[in-house]
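Colleague: Sharing a structure, written as structure tokens. Questions coming.
The values are calculated or read from the model by the stated rules, or taken from the named source; none is laboratory data. Fair warning: this is a prediction, and the values are worked out from it, not measured in the lab. When we count neighbours, we look across all protein chains shown, and the Cβ atoms used for this are built from the backbone with ideal geometry, even at glycine.
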């Protein structure tokens, strides 16, 4: 089709379908017009074909057509952006070949790196000093070109009058992992973004870690040799025409008025709570409390920023510790699918740098640059970490700051940076010996550093104990699921559930009422006072971190009901969940009291008081008997103070391991 004909057709198309959009763009000072490819095909199939084969010419024709509408306002330098290309045009980065050069393509992938926005010259005007002729040179290559000669015969030394600059930015796009076959390494390609694609609003879409769909033209770039010549090999780059993000966080999910109406209707359903729990993880049988907690986690509490700069996180972190085959990984996988920006990482395959951030050699700017890890990429989303106990201790330590402070600080290779990691963490681990010992206390079987455990708001043991009735139901559930996989249709479909959560997080920031504060305070004080026993080291049933956790869970429950206030009822729900966890994990069987130290320091209060008593006995006996003290004497003294022989022997072993005591000869102890 002739160029004049193309321009005419585009003018008709804009006149018919896009006039209103054009007016809005001019009003908002946006210099681009979005054209739907499916409408273009219906309107004029021939132009649509030309666009895929010769995109440069057709896009130019569309831009000239837009400039015909100068009566509406300033339409100079408007860009035509095409979206909604057919699936047939989508190509994987690994399949791009030389035949695709200068064709219009659609690719999807994850942004890995991003350079700074810098100006680029697209054309320059020169004046000839001899005859005053003005020469315009288009700058299409990577090197700046000057005119070689003028019509009057002059060669070289032209005066530069002015140059036209646009903002440009480079991006490295990598294939999304789910599209790969086994053993394939994800391939990368460079993208060039210009003009409105690097405006502050669209820049948010292209942050490292976000998944994007890009339409653009494939271009070849000459590779320069060291001596300044060109190599026979060429590099590839895509000049982006349009970018849309596939995976948004909760704040950027768009909700139409009809959907809003549906959501508000759903929130008035008397069975809302049960419906949401059933729809959250439908393919797992039972575990109602855990499902409820995970649901709360997706709604999240409210992040609070105070005037003095301190921030209290709103994200609820949950840790599941349980027997193998209890469905923990299934839960994690499901959450990473429902939650926007859900990331899933697994123990051995995750390193500290992979979770937080790594400093890598930058191909763009030939220096060092930061590459964000899973916790940073999941900012405003959920990060599911499986097999937490299989990670090496150094890698696990990297998570401490991200869990509580919600930032990742890096100081390496002359880069000092603080990255935001406002990520909710759902982690799963196995007990110390792979499976829970039903006769041993749960907290002794959790093989994780207490400092890390303390940062989780809720800890759930997932126990797999034989129980005839429950096993029968579970077996029928799983077998029926295998027989007819489509049997399970959640009461609220995943898409709607996602919109419900997004709507609640965008619109609701519930405030604590006096009733809720009173309820939480009452529980906190009751638990604190229950631990005190005269004369002994007090068991600490609950710490200030749990107090904050209670507030967050109560806020999440209010959000779940689309409420603006955190009521006494929400606070009761939070107390119920927290108490369930504490009883499961923190109960000290010797005293029958809840002791948070069992989890957060690894040494329960009773044991700490034993250690103190034994140390006192040794000090007293040392004064009487000298440096070497018979173990039997220590046991006799301890029995009089009411401590059993086994407990004493265990305490002595602990002190020996800690390096406070040693055994100079069999049956005797000395202090070090």
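Colleague: Anything in region 373-409 that is under 25 Å from residue 309 (Cβ atoms), in contact with a strand residue (DSSP E or B) (Cβ under 7 Å, 6 or more places away or on another chain) and surrounded by fewer than 19 Cβ atoms within 10 Å (Cβ to Cβ)? List them, or say none.
Modeller: 401, 407, 409
Colleague: Consider residue 113 against the criteria (1) modelled with pLDDT under 85; (2) in contact with a helix residue (DSSP H, G or I) (Cβ under 9 Å, 6 or more places away or on another chain); (3) closer than 23 Å to residue 208 by Cβ: it satisfies all of them except one. Which criterion is unmet?
Modeller: Here residue 113 meets the rest and fails (2).
Colleague: Next up: Does residue 656 satisfy the condition of being outside the structural domain of residue 546 (by TED's automatic domain parsing), at pLDDT 80 or above and surrounded by 13 or more Cβ atoms within 10 Å (Cβ to Cβ)?
Modeller: On the way: outside the structural domain of residue 546 (by TED's automatic domain parsing): yes; at pLDDT 80 or above: yes; surrounded by 13 or more Cβ atoms within 10 Å (Cβ to Cβ): yes.
Criteria met by residue 656.
Colleague: Within region 120-158, work out how many residues are exposed (fewer than 10 other Cβ atoms within 10 Å of the Cβ) and assigned to a strand (DSSP E or B).
Modeller: Result for region 120-158: 1.
Colleague: Right, here's the next one. Kindly evaluate residue 79 against the criterion of being surrounded by 14 or more Cβ atoms within 10 Å (Cβ to Cβ), farther than 30 Å from residue 157 by Cα and in the same structural domain as residue 192 (by TED's automatic domain parsing).
Modeller: Details: surrounded by 14 or more Cβ atoms within 10 Å (Cβ to Cβ): yes; farther than 30 Å from residue 157 by Cα: yes; in the same structural domain as residue 192 (by TED's automatic domain parsing): no.
No; evaluated as a whole, the condition is false for this residue.
Colleague: Go over the candidates 618, 643 one by one and state the one that is modelled with pLDDT of 80 or more and within 55 Å of the chain's Cα centre (by Cα). Steps first, please.
Modeller: Details: 643 fails: modelled with pLDDT of 80 or more.
It is 618.
Colleague: Just to verify a result, which residue in region 82-101, among those that are in a loop (DSSP other than H, G, I, E, B) and loosely packed, with under 14 Cβ neighbours inside 10 Å, is modelled with the lowest pLDDT?
Modeller: Of region 82-101, the ones in a loop (DSSP other than H, G, I, E, B) are 84-86, 91-92, 96-97, 101.
If we keep only those that are loosely packed, with under 14 Cβ neighbours inside 10 Å too, we end up with 86, 97, 101.
On the way: 86: 85, 97: 90, 101: 90.
Among those that are in a loop (DSSP other than H, G, I, E, B) and loosely packed, with under 14 Cβ neighbours inside 10 Å, it is 86.
Colleague: Got at least one residue in region 229-245 being more than 30 Å from residue 474 (Cβ to Cβ), modelled with pLDDT under 85 and in a loop (DSSP other than H, G, I, E, B)?
Modeller: Yes, region 229-245 contains a residue that is more than 30 Å from residue 474 (Cβ to Cβ), modelled with pLDDT under 85 and in a loop (DSSP other than H, G, I, E, B).
Colleague: Collect the residues in region 623-635 that are surrounded by 14 or more Cβ atoms within 10 Å (Cβ to Cβ) and within 58 Å of the chain's Cα centre (by Cα), keeping them in residue-number order.
Modeller: Those that are surrounded by 14 or more Cβ atoms within 10 Å (Cβ to Cβ) and within 58 Å of the chain's Cα centre (by Cα): 629, 631, 634, 635.
Colleague: Another question, if that's okay. Return only the number of the condition from (1) buried (at least 19 other Cβ atoms within 10 Å of the Cβ); (2) within 22 Å of residue 105 (Cα to Cα) that residue 69 does not satisfy.
Modeller: (2)
Colleague: Restricting to region 35-59, count the residues that are touching a residue at least 60 places away in the same chain (Cβ under 8 Å) and either farther than 16 Å from residue 84 by Cα or surrounded by fewer than 17 Cβ atoms within 10 Å (Cβ to Cβ) (or both). Working first, answer last.
Modeller: Filtering region 35-59 down to residues touching a residue at least 60 places away in the same chain (Cβ under 8 Å) leaves 55-56, 59.
Then drop every residue that is not either farther than 16 Å from residue 84 by Cα or surrounded by fewer than 17 Cβ atoms within 10 Å (Cβ to Cβ) (or both), which leaves 56.
Total meeting the criteria: 1.
Colleague: Okay, moving on. For region 651-664: of the residues being in contact (Cβ under 8 Å) with a residue 24 or more places away in the chain and out of contact with any strand residue (DSSP E or B) (no Cβ under 9 Å at 6 or more places or on another chain), which is nearest to residue 623 (Cα to Cα)?
Modeller: So in region 651-664, the residues in contact (Cβ under 8 Å) with a residue 24 or more places away in the chain come out as 651-652, 654-655, 660-661, 664.
Of the ones still in play, those that are also out of contact with any strand residue (DSSP E or B) (no Cβ under 9 Å at 6 or more places or on another chain) are 651, 654.
On the way: 651: 21, 654: 23 Å.
That would be 651.
Colleague: Moving on. Kindly list the number of the only condition in (1) modelled with pLDDT under 85; (2) within 25 Å of residue 221 (Cβ to Cβ) that fails for residue 188.
Modeller: Residue 188 satisfies all of (1) modelled with pLDDT under 85; (2) within 25 Å of residue 221 (Cβ to Cβ) except (1).
Colleague: Does region 507-519 contain at least one residue that is under 13 Å from residue 276 (Cα atoms), free of Cβ contacts under 8 Å to residues at least 12 places away in the same chain and part of a helix (DSSP H, G or I)? Full working, then the answer.
Modeller: Initial filter on region 507-519 (under 13 Å from residue 276 (Cα atoms)): none.
Among the residues of region 507-519, not one is under 13 Å from residue 276 (Cα atoms), free of Cβ contacts under 8 Å to residues at least 12 places away in the same chain and part of a helix (DSSP H, G or I), which makes the answer no.
Colleague: Pull up region 452-488, narrow it to residues that are under 30 Å from the mean Cα position of the chain (by Cα) and in a loop (DSSP other than H, G, I, E, B), then point me to the one that is farthest from residue 385 (Cα to Cα).
Modeller: 488
Colleague: Something else now. Here are 10, 37: which of them is at pLDDT 85 or above and farther than 19 Å from residue 105 by Cβ? Write out each step before concluding.
Modeller: Numbers: 37 fails: farther than 19 Å from residue 105 by Cβ.
Exactly one residue qualifies, and that residue is 10.
Residue-by-condition table, conditions (1) assigned to a loop (DSSP other than H, G, I, E, B); (2) within 30 Å of residue 478 (Cβ to Cβ); (3) modelled with pLDDT of 85 or more:
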site: 284; (1), (2), (3): yes, yes, no
site: 291; (1), (2), (3): no, yes, yes
site: 296; (1), (2), (3): no, yes, yes
site: 302; (1), (2), (3): yes, no, yes
site: 314; (1), (2), (3): yes, no, yes
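Colleague: From the list 517, 542, 553, which residue is at pLDDT 90 or above and surrounded by 20 or more Cβ atoms within 10 Å (Cβ to Cβ)?
Modeller: On the way: 517 fails: surrounded by 20 or more Cβ atoms within 10 Å (Cβ to Cβ); 542 fails: at pLDDT 90 or above.
None of the others qualify; the one that does is 553.
Colleague: A follow-up question, please. Tell me yes or no: at least one residue of region 469-477 is at pLDDT 80 or above and either under 22 Å from residue 208 (Cα atoms) or touching a helix residue (DSSP H, G or I) at 6+ places or on another chain (Cβ under 9 Å) (or both).
Modeller: First, the residues of region 469-477 that are at pLDDT 80 or above: 469-477.
Now narrow it down to the ones that are either under 22 Å from residue 208 (Cα atoms) or touching a helix residue (DSSP H, G or I) at 6+ places or on another chain (Cβ under 9 Å) (or both): none.
Within region 469-477, none of the residues are at pLDDT 80 or above and either under 22 Å from residue 208 (Cα atoms) or touching a helix residue (DSSP H, G or I) at 6+ places or on another chain (Cβ under 9 Å) (or both).
Colleague: Could you pull out every one of the helices (runs of 4 or more DSSP H) wholly within region 1-49 that has 1 or more residues that are within 15 Å of residue 64 (Cβ to Cβ) and out of contact with any helix residue (DSSP H, G or I) (no Cβ under 8 Å at 6 or more places or on another chain)? Write out each step before concluding.
Modeller: Numbers: elements: 3-13, 19-27, 37-43.
Per the criteria, 3-13.
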